[in-house]
Structure formats: structure tokens, C-alpha cells
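Visitor: Once you've had a glance at the structure underneath, I'll fire off some questions.
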Amino acid sequence: MPDIHQLIAKMTLEEKASLCSGLNLWYTKPIKRLGIPSIMLTDGPHGLRKQVEVNDLGGLSDSYPATCFPTASALAATWDRNLITQIGVALGEECRQENVSVLLGPGANIKRSPLCGRNIEYFSEDPFLSGEIAKSHIQGVQSGGVGTSLKHYAANNQEYRRMTIDAVIDKRALYEIYLAGFEIAVREAKPWTLMGAYNRLNGAFCCENQSLLTAILRERWGFQGLVMTDWGAMNERVLALEAGLELEMPGPADVNDARIVDAVRNGELDESVLDQAVTRILEMVFQAQPALAEGGHYDQDAHHSLARLAAAEGAVLLKNDNETLPLDKAVRVTLLGTFAKHPRYQGAGSSLINPLQIENLHDEMVKIAGADNLAYAPGYPEQGLAFDENLLNEAVALAKTAEVVVIHIGLPDSYEVEGLDRSHLHLPESHNRLVEAVCAVHERVVVVLSNGAPVEMPWVDQVEAILEGYLGGQAGGGGLADVLYGLVNPSGKLAETFPLRLEDHPSHPYYPGGPKTVEYRESLYVGYRYFETVDKPVLFPFGHGLSYTSFAYEDLHLSRSTLHNQESLTLQVTLRNVGTRAGKEVVQVYVNPISPTAFRPKIELKGFEKVELQPGEAKVVNITLNWRAFAHFSTALDDWQVEPGNYRILVGASSRQIHLEGEVEVIPAQTDVSIPERDRVPAYVNFPADGKVSQADFDALLGHPAPPNQLIKGELATLNTPLADLQHSFVGRQLKKIVNQEIETMVVENPDSPNAQMIAGMMLDAPLRTLLMFGGDKLNRTMMDGLLLMINRRYIKGLVKFVQGQKLTKS
């Protein structure tokens, strides 16, 4: 690596500022006279999405072929650190072949609500599991000299108004839930870069939030890498630079580069801040050069095989009455559902991969069992958005001829789209009616699901088996077939709770909020933390997943009965395969504080290990819990605190299937620990079963009144006003027409596609400043400022008249 300080000393002020934004959509800027190269950053995270046209903002499907691995929701369900690392290595190999230096991922945001349109890209509702999977992903990719970008930092937990919404979160929930996964990944995997989120957090945009980017990320966690914006997330460039954000993407951002120059020259910005930013950018650029120089080549077949293994390992056997699965190859099977031949295997949006090949369930089942033992009917048209009585009747008639019926259903592409949240957990009517009609004529029905997030299952008691396949990538069909026929013993476990109905979810009363804020009133009680605390029934609990074999949990031993300040606790448990098949089990460890003063969820995941056993084999599993496993974040200390007292150590196969229990007494160095009122608000100590918290109680938790959430009549429009909020204005309505015309141009080839939906939804919810990304020579910052004056004209005139009236009254 060259001497970066010498390079910076040779730069003009303008050159320094120019490096702080991209060259175009995907590349950093070079400075040729100084030998500073440009490098490529591009989308992931479950595959490489390298666009053919680097400036084509709408060309989300026009990318080079790459391996499409299972999406994050499926990868998290593997609970397999080693497998995730292998996939990361493979992704790094594909990046090297395509001369990509930084893969934009993984996404470590918490699944606060099952409705979030981008949940397919996120791992879990639990921060520990999310952090461990993200860590493994990063370590794999970066082992080959390719960087990652951990995203979206932070609290980007919804798509509705994601570029302007203010996430109002109490300090404990922020640290314990929404930042904890990022912290694990940053401290232990050291990602090259981190991507700032679009949204505001407690009043400040994430990309100019000094607390997030400097106080927490760098000073608390020791992050040494670079922070970049999400694409189009920049608000105030100088504030962002001062807060700790180095790189604005995409580029070019000539106006903002000039603002940096002006700020240095007029004394608003210390040049040392700019120099530090340039240093971090150059460190990334030169860190990427060895891999670029060496190049690389990957084995497509090997990567496809790895993708198939991952799809099988991430499939979760939710139900298996009467041991209906695995299927015998000689059994006559009727396979129903269009998804079986035309699979739903990934999401839409910036993570859309152009796969090298695609397997489907039908063809892979034929390869395993033979065409003579498999009959097929679609059962519903296309992805099932419409209902067809003839297709249903055909499917029911064919089902009657089978020994076992397998029905492949799930969520259509249009139900799970970046930029748009779901409004319900329903499957399409045609899918549900197919299952119910077949169950009326057949007793042995297996449902296979392809979806990125939880769904309601009104027929759950009518079917014998349910296999949750999530979105399994290009080899998802083969992975599912392997599980159905027992070539792979299922070992996936849910990384999120499946509620009985949407209304049961703790975030439901407050999601998605808007128009200005979204209040996280449930605080720590996210996902299973809520369901277990209030003992509410669920469809399938967190951590749940069945196997074709059985496991016995035996002989729990704790390394200590008393734990003193900063000590760790190691537990040993014997896991035995008492079935007749080789299989894998995930040993899960939860901590239960017995009588806490500060409000705490009943249980929290603090350790896990995936173990493979042959029939009759037993292994001793060791899992270590560090001091933080017993801590909560104290609002008084502004740091982690461990209350003295007794804690149960629960070991099991899910949050609701605990097999062994131990207890340890924890004695901090300071035993007279006082708990502030904000950490023991009564409504949170005894959290309500319906999840509803009053505004007064939430304000008490925050320590101040929550900010107002209403649009104020007469409020002046700014660059951060969404286009959707300007329909009262003639200029706003004209802007909307122009934007709609631009959208039509961008999606002309496929106007009904999920990507078209995403672009339309994003553009109308996006703030006016983002239109500058698409404006080119037609719309620049000066023109936008003029449009704002026109939009605000009637309000300004009204204000002038009011002030003049006040003066006349006083005189």
C-alpha cells in the first residue's frame, strides 16, 4: 500500500473533495495523475448483481449472470456458521472474477415486523443470531481480499417512507435489539465498510448521525473502516462528513463535492476532517488492489452444488404428522402448484440476481423418483394472483389418484418487494383454496412453501406435513426435492416467529407509523421476546424445526455456580441421536433473569451450536456465555450493566421446547446497583399481553415526549418532503406527472414487474432531493430550489400578510 499521507499532501482541495463521492452508480473516483485507481462496489448479498450499464438506475434486472444463493431468511434458518462462511467465500470468488472490490451486504437489520418488504434480505428477529450469521458471511467474503458493506445502519426496519421516516426508539431497545447484531459483526468480523441507512433515527438522518457513526460505531466498537451512504441517502453533505460518513453514493455528486470545498474555505469544516475521510477511502481502494491484481475464476458447478446444499439446510420442517415425510421413491405422488415448475426463488429490487441456472421442484423430483411416480397439475394460474376454477378442479381430480399429494404454494413476487411493505400475512386466495380443496378429498397432504417471511396458514390442522422452503435461490428446487425424499435430513430452524395472525404481533399497533415518525413502543419485546414473555400462542415458535430423526438432550453441566464480574460461563450438554437416521440439531441456549428490577424479556437467545450426529452417536457440546449475555443497557450509566441475582440457563430445540435447565448466581463487582426509573417503567416491567402501550408510558421510557407525527397545515416544503405530500400544490402535481413519465420510461419493458412496483413506490415516497439522482441536465439543485419557492409561495404570501397585519394592529 502506498503512503496515503504523502498522496493526500499532493492533492488539491478539490481533488480531496472529489474522492468523497462516486464516479457513477458503482465506481469510486480515480485521480490518475496520482496513480489512484477506481474500484467497483456492487449489490449482493445472496449473489453478485453486477449491472451491465453502470449508469442505468432502472436496469435492476440487467446484470451479469451469477450464482443465486438462498436469500437471507433462508440462510439464517440454517443456523450454520460454517456453511454461511463457505457461501461468503464463494461470493468473494465471484466478485474476484468480475473485478468487484466490495460486495454490498450483508443486511443485519432486525425483523421488527413480518410485513417489512425487505425482510427477505435480513436474517432474524433476534440480534444475537443476526450478528453471528452476518459475522460469518463477512468473514467468508473478506477472506478472499474482497470487502463487504454491512447494512443498513441502523433501524431501517420498514419500507414505507424509508427515506424520511423518523424511527423513535428508546435507548435500551436501540442498544439491545437494533444495534447489537451490528456490534457483533463489526467487532468480530471487521467489515471493510458499513452502509448508512436512509431513515432518521431519533430525529437525525442515519447518514449524518454523529452518535451512530462516531460515538457508537468508532468510539465504542472500534470500527476502523469506511462508512458510505445507501444509494441516494445523502441529505446534508458537510454534516455527514463531520458525523463520520466518508463516501456518498452514487456519483457524481458535484454539488456536494463543491459544498465540501466551500465549507473548508470558509472555516465551517476543518480540513483535517476531510483528510481523515480521504484516508479511509484510499485505505479501502488500496486494500482492494491485491485481489484485483491476482484476479480469479470460480467453478460454477461447485457453487451451484453449494447453493443446493444451502437451500436444503435452510428448509424448515414445520410439521410432519404420521411421519409422512420423507417420501418413498416408489410412492405415487401428485405434485400441484405452478411454483413447482416456475419457482419463486428470490426477491425483487436491488438484490435481484441473474442466475446462472434455475432448478425447479418438479424436474428434480422426477430425477429422484422417476416420471412414472409423479403426476403434475398447476392448480392455480401463473403465481396465483388470480383464481381459476378449472385448474382447481383438475388438480383435485389428479390428487385423488395419488398416495401422497405435495402442494407447492407461497407468496408471489409482487407480495415481497423492496420499497413496499406488505399489509397482511395472507397467502393468495388461489393457494389457500387449492390446499383446502385437496384436503377435502385426500388425507395425506404435504405443503411446500416458497416465501420470504411468515404467512398465516388457515389450513395448518388439515395437512400432515409442512416444509418451509423460504426463497431457496437458483438450486432451491433441488434442495427441496432432496429434503422431501430424505436425501437430506432437514435441520433448518426458524429465525423468526410465525404468529397465528398479524394482529398478534407486538409491532402491529404501531407499524408502519407515519407520516413523519414510527414509534417502537414495544421496545425490547420484539418477536419471541414478546410471545414468550406474555405466553401468547403462536403458529410456530422461534427456533422451531423438525428432523427425520430424534435427539435426546442429556447431562447439563455449568462451569460455575457463581459468576463474578466479567467472568464467562461455559455449559456442557450431551446431545444424542436416538433415531435411525444421521441428522443435525441446533442446540439453543437462552438466558432467563429470575427476578430482575430492570424490565427484561422472559428469555433471550445467547448461544447456539449446530451439531451433526450419526444414529446412536452422542457428542458433548460446549457453549460459552460471556458477561454480556447477562447484561442490559443502563440508561443511567450509558453502558452495559449486569444486575446481581440468579439467572436460569435454558437449553433446548426452540424458544418453546426447553429440554434442560440450570441456574447460576451472578455477582457484579458493584452489588449496590441502582436501576433508574426509565429502566423499570411499570408498563414494561409487566408488559401488556395485547402489546399496547400508552403514549404516556412510551414517553416515560424515552425520558421525553415523543416528537409529533402529524403533517402540519401550511408547513413549508423542503428537499426532504416526499413527493406524495405535495399533491395540494400545482407544482407538486406537475412533478408527480413528470416522475410517473420517468418511471414509465425506466420500466417500459415490463411495467407490471415487481421491480416496476418498487420503483413507483420508492419514487413517490422519496424526498424531493432524490429526484436529483434522476434529473441529469434536466433537473439540478438550483432548479429544485426554484421549484420549492414556487411550491411554498402561497404559504410565504400568507405569512407575509399575517406579519403585516400584526404590525398594523400594534401601530
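Visitor: Does GLY486 meet the test of being more than 30 Å from the chain's Cα centre (by Cα), part of a loop (DSSP other than H, G, I, E, B) and of a type outside the set (S, T, N, Q)?
Guide: Values: more than 30 Å from the chain's Cα centre (by Cα): yes; part of a loop (DSSP other than H, G, I, E, B): yes; of a type outside the set (S, T, N, Q): yes.
In short, yes.
Visitor: Moving to a separate point now. Restricting attention to segment 316-330, does a residue exist that is part of a helix (DSSP H, G or I) and surrounded by 15 or more Cβ atoms within 10 Å (Cβ to Cβ)?
Guide: Within segment 316-330, the first condition is being part of a helix (DSSP H, G or I), and the residues that meet it are 321-323.
Filter once more, so that each one left must be surrounded by 15 or more Cβ atoms within 10 Å (Cβ to Cβ): none.
Checked segment 316-330: no residue is part of a helix (DSSP H, G or I) and surrounded by 15 or more Cβ atoms within 10 Å (Cβ to Cβ).
Visitor: Would you mind finding the one in GLU677, GLU665 that is without any contact (Cβ under 8 Å) to a residue 24 or more places away in the chain and open to solvent by 60 Å² or more (accessible area, probe 1.4 Å)?
Guide: Only one candidate qualifies: GLU677.
Visitor: Return the total of residues in segment 643-674 being within 30 Å of ALA696 (Cβ to Cβ) and touching a His at 6+ places or on another chain (Cβ under 9 Å).
Guide: Qualifying residue count, segment 643-674: 1.
Visitor: Here's something else I'd like to know. In segment 255-274, which residues are out of contact with any Asp or Glu (no Cβ under 9 Å at 6 or more places or on another chain) and outside any helix (DSSP H, G or I)?
Guide: Once the filter is applied, which keeps residues that are out of contact with any Asp or Glu (no Cβ under 9 Å at 6 or more places or on another chain) and outside any helix (DSSP H, G or I), segment 255-274 yields ASN266, GLY267.
Visitor: Here's a follow-up. Answer with yes or no whether ARG521 is basic (Lys, Arg), more than 21 Å from ALA653 (Cα to Cα) and surrounded by 24 or more Cβ atoms within 10 Å (Cβ to Cβ).
Guide: yes
Visitor: Are any of the residues in segment 224-247 out of contact with any Leu (no Cβ under 7 Å at 6 or more places or on another chain), without any contact (Cβ under 8 Å) to a residue 60 or more places away in the chain and more than 29 Å from PRO515 (Cα to Cα)?
Guide: Checking segment 224-247: at least one residue is out of contact with any Leu (no Cβ under 7 Å at 6 or more places or on another chain), without any contact (Cβ under 8 Å) to a residue 60 or more places away in the chain and more than 29 Å from PRO515 (Cα to Cα).
Visitor: Here's something else I'd like to know. Select the helices (runs of 4 or more DSSP H) contained entirely in segment 2-88, then report the ones holding at least 1 residues which are in contact (Cβ under 8 Å) with a residue 60 or more places away in the chain and of a type in the set (Val, Ile, Thr). Full working, then the answer.
Guide: Values: elements: 4-9, 13-18, 72-76.
The helices (runs of 4 or more DSSP H) meeting that bar are 4-9.
Visitor: Picking from ALA311, ALA291, ALA277, which residue would you name as being open to solvent by less than 20 Å² (accessible area, probe 1.4 Å), within 30 Å of ASP421 (Cβ to Cβ) and in a helix (DSSP H, G or I)?
Guide: Matching residue, one of ALA311, ALA291, ALA277: ALA311.
Visitor: Taking only pairs six or more apart or across chains, which ones have beta-carbon atoms under 6 Å, a first residue in segment 348-368 that is free of Cβ contacts under 8 Å to residues at least 24 places away in the same chain, and a second residue that is open to solvent by less than 50 Å² (accessible area, probe 1.4 Å)?
Guide: Listed by first residue and then by second, the contacts come to VAL366/LEU374.
Visitor: Is there any pair linking a residue in segment 371-387 that is of a type in the set (S, T, N, Q) to one that is open to solvent by 40 Å² or more (accessible area, probe 1.4 Å) and assigned to a loop (DSSP other than H, G, I, E, B), with Cβ under 9 Å and at least six apart or on different chains, and which?
Guide: Listed by first residue and then by second, the contacts come to ASN373/LYS329; ASN373/ALA330; ASN373/ARG332; GLN383/HIS342.
Visitor: While we're here: Are any residues in segment 352-379 under 17 Å from ALA475 (Cα atoms) and not hydrophobic (A, V, I, L, M, F, W, C), and if so, which ones?
Guide: Result: ASN354, PRO355, GLN357, GLU359, ASN360, HIS362, ASP363, GLU364, LYS367.
Visitor: If the requirement is being surrounded by fewer than 24 Cβ atoms within 10 Å (Cβ to Cβ) and modelled with pLDDT under 95, which of these qualifies: ASP262, ASP254, ASP270, ASP230?
Guide: The unique qualifying residue is ASP254.
Visitor: Can you name every residue in segment 112-131 that is over 21 Å from GLY47 (Cβ atoms) and either part of a loop (DSSP other than H, G, I, E, B) or touching a helix residue (DSSP H, G or I) at 6+ places or on another chain (Cβ under 6 Å) (or both)?
Guide: ARG112, SER113, PRO114, LEU115, GLU125, ASP126, PRO127, GLY131
Visitor: Go through segment 478-488 and give me each residue that's in contact with a Pro (Cβ under 7 Å, 6 or more places away or on another chain) and open to solvent by 10 Å² or more (accessible area, probe 1.4 Å). Step through it out loud before you land on a result.
Guide: In the first step, residues of segment 478-488 are kept if they are in contact with a Pro (Cβ under 7 Å, 6 or more places away or on another chain); the result is 483-486.
Those that are in contact with a Pro (Cβ under 7 Å, 6 or more places away or on another chain) and open to solvent by 10 Å² or more (accessible area, probe 1.4 Å): TYR485, GLY486.
Visitor: Only one residue in ALA180, ALA204, ALA185, ALA197 is open to solvent by 10 Å² or more (accessible area, probe 1.4 Å), under 17 Å from the mean Cα position of the chain (by Cα), at pLDDT 95 or above and not hydroxyl-bearing (Ser, Thr, Tyr), so which one is that?
Guide: The match here is ALA180.
Condition check ((1) modelled with pLDDT of 80 or more; (2) open to solvent by 30 Å² or more (accessible area, probe 1.4 Å); (3) in contact with a Lys or Arg (Cβ under 6 Å, 6 or more places away or on another chain); (4) closer than 20 Å to GLY513 by Cβ) across all residues:
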{"position": "GLY691", "(1), (2), (3), (4)": "yes, no, no, yes"}
{"position": "ALA700", "(1), (2), (3), (4)": "yes, yes, no, yes"}
{"position": "ILE759", "(1), (2), (3), (4)": "no, no, no, no"}
{"position": "ALA766", "(1), (2), (3), (4)": "yes, no, no, yes"}
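The values are calculated or read from the model by the stated rules, or taken from the named source; none is laboratory data. Computed from a predicted model, the values in this text were never measured in an experiment. Virtual Cβ from ideal backbone geometry, glycine too; neighbours counted across all protein chains shown. Surface areas here come from the heavy atoms of the whole protein model, side chains and all, with no ligands, DNA or RNA. Shrake-Rupley method; radii C 1.70, N 1.55, O 1.52, S 1.80 Å.
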